[in-house]
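Heads up: the structure comes next, in structure tokens.
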Amino acid sequence: MISIIDYGMGNLRSVEKAFEKVGFESVITNKPEIVDKSDKIVLPGVGAFKDACDGLREIHLVDPIRSHIKKGKPFLGICLGLQLLFTRSAEGGEQQGLDVVAGEVVRFESSKITSPSGHSHDAALSEGVFEGNGYKLKIPHMGWNGIQIKKKVSLLKGIPDNAYMYFVHSYHVIPDHSEIVATETEYGVPFVSMISIENIFAMQFHPEKSQSFGLQILKNFAEL
């Protein structure tokens, strides 16, 4: 059973429909006992880091999530669901995350680029405002951008390097350990767009909104 965790934030139905499209049933739940019995869980999310952490704690889902991961069962984090795994976030002042993954969540700095290169850079620049010889990038980073594969993981089966995925975010993760980085994306500077640690997979982009490549990732997860 695939459980999609409902803590009051995120586009849960679109994730459920995406699994349906690739031939797998899932359930949306906020019940700790159901999460505890699940074969796989998905933690989606859109919104503020603190509100999300508070929501998970209020409905007593933090321990079931940690227990699921410790048992080696597949876990998928999407967008805010990636960020929540980390030790802390700078959003709204320093906030404590679930501390499943060592590292922090930081805001994009509005920065200039003087030497654009590659498709993902071009995509980022199309969102920017020209300033002399450089570009000042908009926050949030929103729209399509490429993912550069840094290591081969099961969730990326059938996904080509620099495949375009859909992003909406103002913050990005900085892991303490680089070996967990599965993909990077460029938006002014390279940032981590997906991590993989044994049974944990989490991404900054939205696979449910990323058309055929995103659906392939969800199918790969369901088939683990």
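The numbers here are math on the coordinates, done by the rules we state, and not lab data. Since the structure is predicted, the reported quantities are computational estimates derived from the model, not experimental observations. Cβ placement follows ideal geometry from the backbone for every residue including glycine, while neighbour counts extend to all protein chains displayed.
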Going residue by residue through the range 190-206, the Karplus relation 6.51 cos²θ - 1.76 cosθ + 1.60 with θ = phi - 60° gives ³J(HN,Hα) values, rounded to whole Hz and with x marking Gly or Pro, of x, 9, 6, 10, 7, 10, 8, 9, 6, 8, 9, 10, 8, 9, 7, 7, 9
Only sites in a loop by DSSP and with at most 16 other Cβ atoms within 10 Å count here; which GluC sites (Glu not before Pro) in the range 1-80 make the cut? Glu25
Per-residue HN-Hα couplings for the range 35-43 [Karplus 6.51, -1.76, 1.60; θ = phi - 60°; Hz; x = Gly/Pro]: 4, 5, 8, 6, 6, 9, 10, 10, 10
Thinking of the chain as a set of Cα atoms, what percent of all their pairs are more than 27 Å apart? 29 percent
One would report the antiparallel percent of DSSP beta bridges in the chain, rounded to the nearest 5, as 65 percent
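On full extension of the chain, what length is gained from Ala90 through Glu33, given 0.36 nm per residue of separation minus the C-alpha to C-alpha distance? List each step's numbers first, then the result.
Working: separation 57, 0.36 × 57 = 20.52 nm, distance 3.17 nm.
So the chain would gain 17.3 nm between Ala90 and Glu33.
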Cβ crowding within 10 Å averaged over residues, with 64-72, 187-195 ranked highest first: 187-195, 64-72
